[in-house]
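Below is one structure; the comments refer to it alone.
The values are calculated or read from the model by the stated rules, or taken from the named source; none is laboratory data. Just so we're clear, the structure is a prediction, and the values are computed from it rather than from any experiment. Virtual Cβ from ideal backbone geometry, glycine too; neighbours counted across all protein chains shown.
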Amino acid sequence: KWELIDSTFGSGSVDKKAFVKNFEPMFFSVPPEQMRFTHFPEDAKWQLLEKTITREDFDKQPLVQASLFKLGLSPASILKTTKSSSFGGFPEIFDVAKTKIKVVEVPLNAKLKSGQIYRIAIESPELSKVLILSNDKPQMNLQKQGISFTGQVRALSGTMLIAVQKPNQGNEFSFLLRYQVE
């Protein structure tokens, strides 16, 4: 059985001019459906996909940040989103350091429609609150049940943020996702 790895991406990154060591296990034994967004082998058989993609299709894909996969989003849901005629890019994704977060359901389009209701579902054993902000003002807290945070939010014109809080953080929240609402 063949497995895909990217030891370069998995070892760290370059910050300005210096290499920053940061082991990232998600780049080892990468599912082929995920790797198709970031790597195109010269020989199509090394895509390890049932249905291979062409170089032209690969080049037409929007940039898919690895952070989408770190949030637990499936390659299938990402692919479906990118093929939508209304797709305008992914929301801005913030890294919440050393926190395990799984996004169960969120809009994957950076641009949301004002007045429309969106369902948000996030799971994490490490969070105490998930807050929706509209134009930098708290709009609503998601309901917590066990490790799940869920709710439906009506998008208001401007900027919408999903922010998360760990226990014992006072009023300090970390941004997770940012949307533009029109």
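Below is a table of values for the structure above.
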item	result
Condition met for residue 98 (basic (Lys, Arg), outside any helix (DSSP H, G or I) and at pLDDT 95 or above)	no
Pairs where the first residue, in segment 78-102, is free of Cβ contacts under 8 Å to residues at least 60 places away in the same chain and the second is in a loop (DSSP other than H, G, I, E, B) and among the small types (Gly, Ala, Ser), C-beta under 8 Å, 6+ apart	88/110; 89/110; 90/110; 100/124; 102/72; 102/124
Residue check for residue 142: of a type outside the set (S, T, N, Q) and over 30 Å from residue 58 (Cβ atoms)	yes
Residues satisfying the stated conditions in segment 145-182, i.e. crowded, with 16+ Cβ neighbours inside 10 Å and farther than 19 Å from residue 73 by Cβ	155, 156, 165, 166, 173, 180, 181
Among the residues listed as 131, 142, the single one being in contact with a Pro (Cβ under 7 Å, 6 or more places away or on another chain) and surrounded by 15 or more Cβ atoms within 10 Å (Cβ to Cβ)	131
Criterion violated by residue 45 - all others in (1) part of a helix (DSSP H, G or I); (2) assigned by TED's automatic domain parsing to the domain that holds residue 105 satisfied	(2)
Lone qualifier among 59, 43, 15 - being under 29 Å from residue 181 (Cα atoms), surrounded by fewer than 13 Cβ atoms within 10 Å (Cβ to Cβ) and either touching an Asp or Glu at 6+ places or on another chain (Cβ under 6 Å) or of a type outside the set (Lys, Arg) (or both)	59
Residue in segment 1-42 that is nearest to the chain's Cα centre (by Cα), counting only those that are among the small types (Gly, Ala, Ser) and in a helix (DSSP H, G or I)	10
Residue match in segment 105-120 (condition: in a loop (DSSP other than H, G, I, E, B), more than 22 Å from residue 157 (Cβ to Cβ) and touching a residue at least 12 places away in the same chain (Cβ under 8 Å))	no
